[in-house]
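**Q** Got a structure here, written out as structure tokens. Questions coming.
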């Protein structure tokens, strides 16, 4: 049961993103005071960076140092975003599919993956250099 709880934030984020992606924008709070050019893409980037981070965090530190695992999680998050973009085209009349949104999703996922990978590698290096050598 404890194992499920460590993935709960990832599962919640995985449900929240489609809700936000498929809901009619008229039903969302007005964010016009925060509006700037490219704000939509920044939102996509941040959501998919968070999604990737939530899926990577519960993974063991040893596995987070393996590039194929980290890239796999990031690519799955990017694919998830691309599928949701297709769903916007096929399932809604109030949303449009945008290829740049899918690109922003993938970039956000890759940024999070790179952060986890490099932090894990740096942390491993620090641990091995701090261990006193015994003769």
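**Q** Applying the selection to the range 96-106, what residues are in contact with a helix residue (DSSP H, G or I) (Cβ under 6 Å, 6 or more places away or on another chain) and within 25 Å of residue 53 (Cβ to Cβ)?
**A** Of the residues in the range 96-106, the ones in contact with a helix residue (DSSP H, G or I) (Cβ under 6 Å, 6 or more places away or on another chain) are 97, 101-102, 104-106.
Correct list: 101, 102, 104, 105, 106.
**Q** Name the residues in the range 86-102 that are in a helix (DSSP H, G or I) and without any contact (Cβ under 8 Å) to a residue 60 or more places away in the chain, would you?
**A** Residues satisfying the conditions are 86, 89, 90, 99, 100, 102.
**Q** Consider the range 46-72. How many of its residues are in a helix (DSSP H, G or I) and within 14 Å of residue 13 (Cα to Cα)?
**A** Total satisfying the criteria: 11.
**Q** When residue 23 is evaluated against the numbered criteria (1) surrounded by 11 or more Cβ atoms within 10 Å (Cβ to Cβ); (2) touching a helix residue (DSSP H, G or I) at 6+ places or on another chain (Cβ under 9 Å); (3) modelled with pLDDT under 90, which criterion, by number, is the only one it fails?
**A** Every listed condition holds for residue 23 apart from (2).
**Q** I'm trying to understand the selection: among the residues of the range 1-20, which are surrounded by 13 or more Cβ atoms within 10 Å (Cβ to Cβ) and outside any helix (DSSP H, G or I)?
**A** Within the range 1-20, 7 is the sole residue that qualifies.
**Q** Here's another thing I want to ask about it. Working only within the range 62-72, note down all residues that are touching a helix residue (DSSP H, G or I) at 6+ places or on another chain (Cβ under 6 Å) and free of Cβ contacts under 8 Å to residues at least 40 places away in the same chain.
**A** Listed by number, the residues that qualify are 63, 69.
**Q** If you don't mind, there's one more thing I want to ask. Take the conditions over 21 Å from residue 8 (Cβ atoms), in contact with a helix residue (DSSP H, G or I) (Cβ under 9 Å, 6 or more places away or on another chain), at pLDDT 95 or above and surrounded by 15 or more Cβ atoms within 10 Å (Cβ to Cβ) and apply them to residue 75. Does it pass?
**A** Against the criterion (over 21 Å from residue 8 (Cβ atoms), in contact with a helix residue (DSSP H, G or I) (Cβ under 9 Å, 6 or more places away or on another chain), at pLDDT 95 or above and surrounded by 15 or more Cβ atoms within 10 Å (Cβ to Cβ)), residue 75 qualifies.
The values are calculated or read from the model by the stated rules, or taken from the named source; none is laboratory data. What you see is a predicted model, and the numbers here were worked out from it, not measured in a lab. Glycine also receives a Cβ, built like all others from the backbone with ideal geometry; neighbour counts cover every protein chain displayed.
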